[in-house]
Amino acid sequence: MIIMKFGGTSTQDAAAMLNVTEIVKSHLHKHPFVVISAIAQATNQLEQMCNLAKSGDLEGGQVVLKNFIKRHLYIVNQAITDPVEKIAINTKINNIGEELAELIRGVAIIKELTPRILDKFYSYGELLSSMIVYHIMKEKGIDSLWIDTKDFMITDDNYNRALPVMESVHDKLISLTGDLLKEGKTLVTQGFIGFTLDGDRTTMGRESSDFSAAIIGSVLNAEDIQIWTDVDGILTGDPNIVENPKKIKVLSFEEAYELSLLGAKVLHPNTMLPALEKNIPIHVFNSKRPQISGTLVSNSANTFTPQNASVIKSVTYKTNINLINIRPKVRSTPFVFWEHIFNLFTKYKINPLLTSTSEFKFSAAFETKSNIDSLKHEIGEIGDFKIKEGLALISLVGSNVLHDYSLNEKIFSEFRRTKINFMSFGTSESSISFMIPVDHFKETVRRLHQIFFETQDDSNIFESLQTTNIITPDKEA
Ligand code: ASP
Ligand code: MG
C-alpha cells in the first residue's frame, strides 16, 4: 500500500478536489491511504477568526467564519451531483459552522485563547476538507471510508506542536484499519491533527500534514509515501530569488531533512524521521502535473552520488533569525555552565537551529519565534547574554560537503563581499551554513546558486524545469 497526502492547494476548490479523486483513482492498484490537509488558507482563516474574537471583535470573527463555511459549501455544491448527498453534506458543514460560532462566542467572552482551544479551532479545517474529499471519492465510485484521527493519532498534550505517542498510534491504527485495508477500502483521513488520551484535539505544528502521512506510512509499512503539492518537486533554489532553478531528482533522507530544516518549504522536516526509520521512500509530486516524475527522497539517493564525491544540491535560506552569544560571568566552571544552558533549552522546549562553542563562549541561532526571553531571564545572574536580531541564514545542502576542498574556494570567494556573523562548518556532512546581515541575503543566494547550479548538468541528479519527464504509473514507486 501507499500513502497519498494532498496539501491545501491540491484541495483548494471543487476542480482541485475532483482532480485529487482522479489521481487517487489512477493509483487504486497500489492501495492508497489518503491524507488530506485543510483547503488553502483555511487554517489561517481559523486562526484569524479566533484571534479577532479574542481581541473583542466578535463580529469580525463571525465574518471570517461565514466566509470559511461558505467556501466549503461552495465546493460541495459544485463537486457533488447527487442532490440528496449534497443536502446531507451541507447539513454537516452547517453544523460545524454552528459549533465554531459557539466557540468564537466563548473566546470573545473570556478574551483568552489558550493553545488547547486554538488546536480545537484548527482541527475543523482538516475535518471538513477530508470529509468533502471522501464524499466526492465515494460518488466517483471509489470504495472509500472516512476515518477520524481521534481514533488513532494519539499525541502528547504539547498543544500547537504535539508529538505522536508512537506505541498508541501503532496499536490503534493497526486495529482500526487492519481489516478495512484487507477488504480493499480506500481510507481517507486528516493530516496535521491529533488527539490526546484525555480527549482533546491537538496539532503537530503548522504544515505538519506531511509528517502525519509519514507517521501513518511507517506504522502501516507503506511501500511509498507520496506528498502531492503544487510544485514539480524540490528545487535547487527559491524560484522567487534565483535564476533558472533546477529540479532535484533525488535526495537522501539526511539531505531532505537538513534542507527543510534550513529553509526549503516543500516538506515538513519531521516527515523524514519515520520514513528514514523504516526506509520508506518519499515522493514529492505535483497534483497539477501528475505525469511529472517529481523528487524522490530515499536512501537509494546515495547510489546516485559517486562514493565520497561532493555534490551541492540546493542553496536555501531563512530570514528572521536571531543569534545569541552567551558566556559565563565566572570562568572557572564552564562545564556546569554548558549543562545549565542545555537544561534551559529542554525546560523551555527551545530548539536552536545551529550552535557553536568556543572555550568560554556559546553561540546559537534561533528562529525569532523561539522563546528566547525566558532563556535570557534565567541566565541573568550567571552569564552575559548578547543578541543580534533579524539576520539571514544561508545554507548549502548536499552530500559529502566536507570532502571536496575545491568547494571551499568557491564558497568563500562569494563571502568576500559580505560580513559573516556566524558559520557552521564540519558538524554535518550534508550542509554548510552562514549567517549574514539580512540586506545582503538575496544577492548572496542568487550568486551562490549561479556558482553551483548554472553550469551544473549532472542529469542523474538535476533536471531542467522545462523537461517533461513523463513516467508510467508503475515506474513511480
Ligand atoms: N493545514 C495545516 C497548515 O496550514 C497543516 C498543513 O497544511 O500541513 O498548517
Ligand atoms: Mg506543505
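How far, in nm, would the chain grow between Lys410 and Asp439 when pulled straight, counting 0.36 nm per residue and subtracting the alpha carbon separation? Walk me through the numbers on the way to the answer.
Working: separation 29, 0.36 × 29 = 10.44 nm, distance 2.16 nm.
My answer for the length gained is 8.3 nm.
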(message) Angle check, please: helix 334-347 long axis (alpha carbons) against the longest principal axis of the chain (alpha carbons), in degrees 0 to 90, nearest 10.
(response) 10
(request) Can you tell me how much longer the chain between Glu183 and Asp143 gets when fully stretched, taken as 0.36 nm per residue apart minus their C-alpha distance, in nm with one decimal? (result) 13.4 nm
(message) Can you give me the distance in nm between label points at Asp384 and Ala15, each placed 7 Å from the Cα along the Cα-to-Cβ direction?
(response) 6.1
(message) What FRET efficiency comes out for Asp57 versus Glu277 if R0 is 51 angstrom and r is the Cβ-Cβ distance? Round to the nearest 0.05.
(response) 0.65
(message) Tell me the per residue accessible area of the range 142-255 using a 1.4 Å probe; a whole number in Å² is fine.
(response) 37
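If I compute solvent accessible area with a 1.4 Å probe over the protein chains, what percent of it on the range 369-449 is carbon and sulfur?
Working: 2000 of 4180 Å².
The computed percentage sits at 48.
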(request) At 0.36 nm per residue, minus the direct Cα-Cα distance, what do Asp151 and Lys369 gain on full extension? Give it in nm, one decimal, please. (result) 75.3 nm
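Ranked by accessible surface with a 1.4 Å probe, highest first, in what order do Lys140, Lys288 come?
Numbers: Lys140 70, Lys288 125 Å².
Reading off the accessible areas and sorting them downward yields Lys288, Lys140.
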(request) Could you check how much of the accessible area of the range 1-67 is carbon and sulfur, as a whole percent, using a 1.4 Å probe? (result) 52
(request) Please list, or write none, the lysines whose alpha carbon is within less than 21 Å of the alpha carbon of Lys419, excluding same-chain residues fewer than 8 places away. (result) Lys318, Lys361, Lys386, Lys388, Lys410, Lys442
(request) Compute the separation of the alpha-carbon centres of the range 110-165 and the range 335-407 and state it in Å as a whole number. (result) 34
(message) Using the basic label-point model (7 angstrom from Cα toward the beta carbon), what is the Lys70 to Ser175 distance in nanometres?
(response) 4.6
(request) Consider a paramagnetic label point 7 Å from the Cα of Asn320 along Cα→Cβ; state which residues of the range 383-399 have an amide N under 20 Å from it. (result) 387-395
(request) Determine, for the range 80-147, the count of lysine pairs separated by eight or more sequence positions (or lying on different chains) whose alpha-carbon distance falls under 29 Å. (result) 9
(message) Taking a virtual spin label 7 Å from the Cα of Glu223 along the C-beta vector, which residues in the range 270-286 bring their backbone nitrogen under 15 Å of it?
(response) 280-283
(request) Specify the angular offset, from 0 to 90 degrees and rounded to the nearest 10, of the alpha carbon long axis of helix 441-453 from the longest principal axis of the alpha carbons in the chain. (result) 90
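Relative contact order for the chain: what is it in percent, counting Cα pairs under 8 Å that are at least 6 residues apart? Each step should come with its number before you reach the end.
Details: 932 pairs, mean separation 67.1, N = 477.
Rounded, it is 14 percent for the chain.
Could you report the range 319-426's accessible area per residue, 1.4 Å probe, as an integer in Å²?
Working: 6070 Å² over 108 residues.
Counting only protein heavy atoms, the per-residue value for the range 319-426 is 56 Å².
The values are calculated or read from the model by the stated rules, or taken from the named source; none is laboratory data. None of these values were measured; they are calculated from a predicted model. Cβ atoms come from the backbone with ideal geometry, glycine included; neighbour counts cover every protein chain shown. Surface areas here come from the heavy atoms of the whole protein model, side chains and all, with no ligands, DNA or RNA. Shrake-Rupley method; radii C 1.70, N 1.55, O 1.52, S 1.80 Å.
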